[in-house]
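Asker: One structure, as structure tokens, below. Some questions next.
The values are calculated or read from the model by the stated rules, or taken from the named source; none is laboratory data. Since the structure is predicted, the reported quantities are computational estimates derived from the model, not experimental observations. Counting neighbours? That spans all protein chains shown, and the Cβs are built from the backbone with ideal geometry, glycine included. These accessible areas exclude ligands, DNA and RNA; they are computed on the full protein's heavy atoms, side chains included. Shrake-Rupley method; radii C 1.70, N 1.55, O 1.52, S 1.80 Å.
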Amino acid sequence: DVYPIYAGDDANFFVTLVPEINAIVKLSVADKSYDVAIVDGQGVYTVSNLANDVYNIQAVFEGDDKYEDSSSDVKQLFVNKVPTNLTISIDKTSMNYIEKAVVSVVLNQRINAIVTVKVNGNNNTVGLVNGKGSFTLYDLDRANYTINAVFAGDDRYVECTSNTLNLTVNGDNISSWV
């Protein structure tokens with residue numbers, strides 16, 4: 001069975017020959033070669049921490065006194081980037097212009113990363129620790145604001161954009177001055 005393999009995962013490679021063979025098979029994974037011990041015609045080798053890439057895989061048996069050499073067809077292994085999901089929330093949807101609002105950012109992968117929080121198209125950098133971070137909005141002019149966040153991804157994780165939220169900033173409360 002083939003299951004999705006993601007960057008950072010391990011991949012198990014199973015090698016099967018006729019049951020009475022006990023030998024070493026050379027397993028090529030991209031540009032690396034590994035020795036797989038075959039016992040009673042079966043062997044397995046684990047390659048750890050694979051990067052996002054397409055790998056050519058081939059097993060080669062060099063033969064012995066009883067069996068001729070043989071090799072498998074070249075197969076391809078696709079290692080995908082890890083899917084991500086970014087969400088934001090805000091502690092209020094409207095406020096007076098003298099107030100503050102806190103935008104919370106959560107990435108479903110518990111990684112340390114940088115995201116960009118966009119407030120009406122203006123970019124603000126937020127550091128995530130274990131997939132979480134926050135950004136405080138203040139000194140905003142009276143207006144309606146659209147807020148979302150973007151994770152640019154990297155060599156292991158897929159880029160993504162969060163949900164979009166709206167914040168309305170009103171004038172200050174006149175009754176507070178009376």
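Asker: Which numbered condition trips up Ser72, out of (1) more than 33 Å from the chain's Cα centre (by Cα); (2) small (Gly, Ala, Ser); (3) surrounded by 14 or more Cβ atoms within 10 Å (Cβ to Cβ)?
Answerer: With respect to (1) more than 33 Å from the chain's Cα centre (by Cα); (2) small (Gly, Ala, Ser); (3) surrounded by 14 or more Cβ atoms within 10 Å (Cβ to Cβ), Ser72 is out only on (1).
Asker: Next question. From Ile24, Ile38, Ile57, grab the single residue that is farther than 30 Å from Asp155 by Cβ and either open to solvent by less than 80 Å² (accessible area, probe 1.4 Å) or polar (S, T, N, Q) (or both).
Answerer: Details: Ile24 fails: either open to solvent by less than 80 Å² (accessible area, probe 1.4 Å) or polar (S, T, N, Q) (or both); Ile57 fails: farther than 30 Å from Asp155 by Cβ.
None of the other options fit; the residue is Ile38.
Asker: Sticking with this one: Among (1) under 27 Å from the mean Cα position of the chain (by Cα); (2) open to solvent by 80 Å² or more (accessible area, probe 1.4 Å); (3) of a type outside the set (Val, Ile, Thr), which single condition is Leu50 missing?
Answerer: It is condition (2) that Leu50 fails.
Asker: Return only the number of the condition from (1) touching a residue at least 40 places away in the same chain (Cβ under 8 Å); (2) of a type in the set (Val, Ile, Thr); (3) closer than 22 Å to Tyr6 by Cα; (4) assigned to a strand (DSSP E or B) that Val103 does not satisfy.
Answerer: Unmet for Val103, out of (1) touching a residue at least 40 places away in the same chain (Cβ under 8 Å); (2) of a type in the set (Val, Ile, Thr); (3) closer than 22 Å to Tyr6 by Cα; (4) assigned to a strand (DSSP E or B): (3).
Asker: Quick check on the stretch 91-100: of everything there that is touching a Ser or Thr at 6+ places or on another chain (Cβ under 9 Å), of a type outside the set (Val, Ile, Thr) and outside any strand (DSSP E or B), which residue is farthest from Gly8 (Cα to Cα)?
Answerer: In this case the residue turns out to be Lys100.
Asker: So, in the stretch 75-98, how many residues would count as being farther than 30 Å from Thr16 by Cβ, open to solvent by 70 Å² or more (accessible area, probe 1.4 Å) and touching a residue at least 60 places away in the same chain (Cβ under 8 Å)? Lay out the reasoning, then the answer.
Answerer: Within the stretch 75-98, the first condition is being farther than 30 Å from Thr16 by Cβ, and the residues that meet it are 81-98.
Retained after the next criterion (residues that are open to solvent by 70 Å² or more (accessible area, probe 1.4 Å)): 85, 91, 93, 97-98.
With the extra rule that they be touching a residue at least 60 places away in the same chain (Cβ under 8 Å), the set shrinks to 85, 93, 97-98.
Of the residues in that region, 4 qualify.
Asker: Also, I was wondering about something else. With the checklist (1) exposed (fewer than 14 other Cβ atoms within 10 Å of the Cβ); (2) at pLDDT 95 or above in hand, flag the one item Val106 doesn't pass.
Answerer: Against the list (1) exposed (fewer than 14 other Cβ atoms within 10 Å of the Cβ); (2) at pLDDT 95 or above, Val106 comes up short only on (1).
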